[in-house]
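Single-structure report; data block below.
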Amino acid sequence: MPPPRLEAPIGVFDSGMGGLTVLRELCAQLPAEDFIYLGDTARLPYGAKSPETVARYAVRAAEALTDQGVKGIVVACNTASAAGLPAVRERVEDRFVVGVLEPGAAAACAASKTGHIVVIATEGTVRGGAYERAIARLRPAARVDAIACPLFVALAEEGLCAGDVAEGVARHYLERPFGVDGATADVLLLGCTHFPVLAAAIRAVVGPRVTLVDSAVATAQATRAALIDQGLERVAGRDRAKGRVRLLATDGAERFARVGSLFFGATLDVSQVELVDL
């Protein structure tokens, strides 16, 4: 395969629409870059599947993006980052690969004053213990509580991101670690790309003293560092004014556009979504 080109797009993938929160931040921090986003909506959610299956799906998504000529890949899915990142890197070894897990863990460690961090994620991410290991490497003395919040994914996918239903589910998961006197956790790491759209409901339960960490910002920073390291960054004003975004999905273009608009923070039209087969 020929070496990556400066003008080539960056590939981004997730099991569905949650990774659009990462794409939004990538577009903000790297405005001159082109992006191809792949939502594997036919196979979502990844969070309830085995690590072997997730790794296989992640590799196939990465291959599909590599076939599109991308210069690097952002794995905008915590479950895929936890279970499939080594396999993806092995498969596309001639391209940079950035996951969301390590940048998110680093941001949480930097934000915590007490060293007590709560991570909320999918069942698969929590079951594998990936965040505990990543945080322990950076801050060995940290205390990490990981909580699986599968209903959050369903709420986000249905657009039920605020109000009594969302706050009730948030209370179900988070009242115990944050709602008791003497609670020491001061950082809540949103360990799933679906969860940032539920931030208001989560904040209503955990209160103002807790820092919410979304890995999207740190992931975009890590992506820019990878581009600079390989001499592949396109700079706004020097190389071009503004990049383009191409959207791919494996099922449900209409639903992808409708729900994806919430995650991306801008209206997506169904005509912008191309259906592909993995």
Ranked on Cβ counts within 10 Å of their own Cβ, fewest leading, L101, L151, L23 go L151, L101, L23
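Among residues other than R255 whose Cβ falls under 12 Å from its Cβ, what is the net charge (Lys/Arg +1, Asp/Glu -1)? Present the calculation step by step, with values, prior to reporting the outcome.
Values: positive: R258; negative: E157, E158, D251, E254.
With Lys, Arg at +1 and Asp, Glu at -1, the net is -3.
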For G16, list long-range residues whose amide hydrogen, built 1.01 Å from N in the peptide plane, is under 5 Å from its own amide hydrogen.
-> D40
Name the residue farthest towards the positive end of the dipole of the chain from the options I228, L151, A55, assuming +1 on Cβ of Lys and Arg, -1 on Cβ of Asp and Glu, about the Cα centre.
-> I228
Calculated [θ] (222 nm, deg cm²/dmol) that DSSP helices of n ≥ 4 give over the chain, each run adding -39,500 (n - 2.57) = -14000 deg cm²/dmol
Over all alpha-carbon pairs of the stretch 102-215, lay out the pair-distance distribution in 10 Å bins, whole %, shortest bin first.
-> 15, 51, 30, 4
Would you mind checking the stretch 53-75 for residues with the amide N under 13 Å from a putative spin-label position 7 Å along Cα→C-beta of R5?
-> 68-71
Please state the equivalent ellipsoid semi-axes for the stretch 1-113: what are the square roots of 5 times the Cα gyration tensor eigenvalues, largest first, in whole Å?
-> 20, 19, 14
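Give, as a single signed number, the net charge of other residues whose beta carbon lies under 10 Å from the beta carbon of V270, with Lys and Arg counted +1 and Asp and Glu -1.
Values: positive: R255, R258; negative: E254, D269.
Residues near V270 contribute 0 overall.
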Cut-off 13 Å, label 7 Å out along Cα→Cβ of A111, residues of the stretch 117-161 by amide N | 117-120
At what distance in angstrom do the alpha carbon centres of the stretch 241-276 and the stretch 1-47 lie from each other?
-> 11 Å
Describe numerically, in nm with one decimal, the distance between label points set 7 Å from Cα along Cα→Cβ at D269 and at L151.
-> 3.9 nm
Residues whose modelled amide H sits under 5 Å from the amide H of V213, counting only those 5 or more places away in sequence or on another chain, are L188, L189, L190
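Could you please rank E90, E63, placing first whichever residue has the fewest other Cβ atoms within 10 Å of its Cβ?
Working: E90 10, E63 15.
By the 10 Å Cβ count, ascending, the order reads E90, E63.
Taken together, the values in this text are just the output of simple stated rules run on the coordinates, not laboratory data. Worth saying up front: this structure is predicted, and the values here are computed from it rather than measured. Ideal geometry is used to build each Cβ from the backbone, glycine not excepted, and the neighbour counts take in all protein chains shown.
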